[in-house]
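Below is one structure, written out as structure tokens; comments come after it.
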Amino acid sequence: MYADTETIRRILQDSGDTWAVVGLSNNRSRAAYGVAEVLQRFGKRVVPVHPKAERVHGEEGYASLADIPFPVDVVDVFVNSELAGAVADEAVAKGARAVWFQLGVVDEQAYERTRAVGLDMVMDRCPAIEIPRLGA
């Protein structure tokens, strides 16, 4: 329900190439680090968003979505479900075209709010799994 194939394909192929990855730091043991590498290999610009605002994979980091001084197309969320809804709301305020909640991240109210304002959204999926699966 929260990850139909057509929405996944639309986000990966048509929503744009600038992905803000919330929770991305230089911690190589975290899933966000590896997923960001996969996104870059498939032509996405990955913008790290983390309180440390670290440069990751060659891209300048920012402490919050609001701090990013340029538009972002997709917000990929690697924070826990309790914090994810606020990030989805920030993505709407930032003008993103889509929101992607990673594996294990679910907030049904955030999904409803985000979809209600016209953004595509996927929950509980990983683009690093979906890209090869769909041949995107």
Have a look at VAL99, VAL56 and point out the one that is crowded, with 19+ Cβ neighbours inside 10 Å, over 19 Å from ASP124 (Cα atoms) and free of Cβ contacts under 8 Å to residues at least 40 places away in the same chain.
VAL56
Only unsatisfied item for ALA63, checking (1) open to solvent by 40 Å² or more (accessible area, probe 1.4 Å); (2) among the small types (Gly, Ala, Ser); (3) touching a helix residue (DSSP H, G or I) at 6+ places or on another chain (Cβ under 8 Å); (4) over 20 Å from GLY118 (Cβ atoms), is (3)
Quick check on the range 30-41. Is at least one of its residues loosely packed, with under 15 Cβ neighbours inside 10 Å, without any contact (Cβ under 8 Å) to a residue 12 or more places away in the chain and among the basic types (Lys, Arg)?
yes
Please enumerate the residues belonging to the range 108-136 that are in contact with a helix residue (DSSP H, G or I) (Cβ under 8 Å, 6 or more places away or on another chain), over 24 Å from ILE68 (Cα atoms) and either free of Cβ contacts under 8 Å to residues at least 60 places away in the same chain or of a type in the set (Val, Ile, Thr) (or both).
GLN109, ILE131
Those residues that are among the small types (Gly, Ala, Ser) and in a loop (DSSP other than H, G, I, E, B), I need them from the range 5-50; list them, please.
SER15, GLY16, GLY23, SER25, SER29, GLY43
Examine the range 51-70 for a residue that is basic (Lys, Arg), within 15 Å of the chain's Cα centre (by Cα) and part of a loop (DSSP other than H, G, I, E, B), and state whether such a residue exists.
no
Given the structure, is VAL87 at pLDDT 95 or above and either exposed (fewer than 15 other Cβ atoms within 10 Å of the Cβ) or under 20 Å from ALA128 (Cα atoms) (or both)?
no
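The values are calculated or read from the model by the stated rules, or taken from the named source; none is laboratory data. Computed from a prediction, not measured in an experiment: that's the story for all the values here. Note that we place each Cβ from the backbone using ideal geometry, even for glycine, and neighbour counts take in every protein chain shown. For the accessible areas, the whole protein counts, side chains as well, though only heavy atoms, and no ligand, DNA or RNA atoms are used. Shrake-Rupley method; radii C 1.70, N 1.55, O 1.52, S 1.80 Å.
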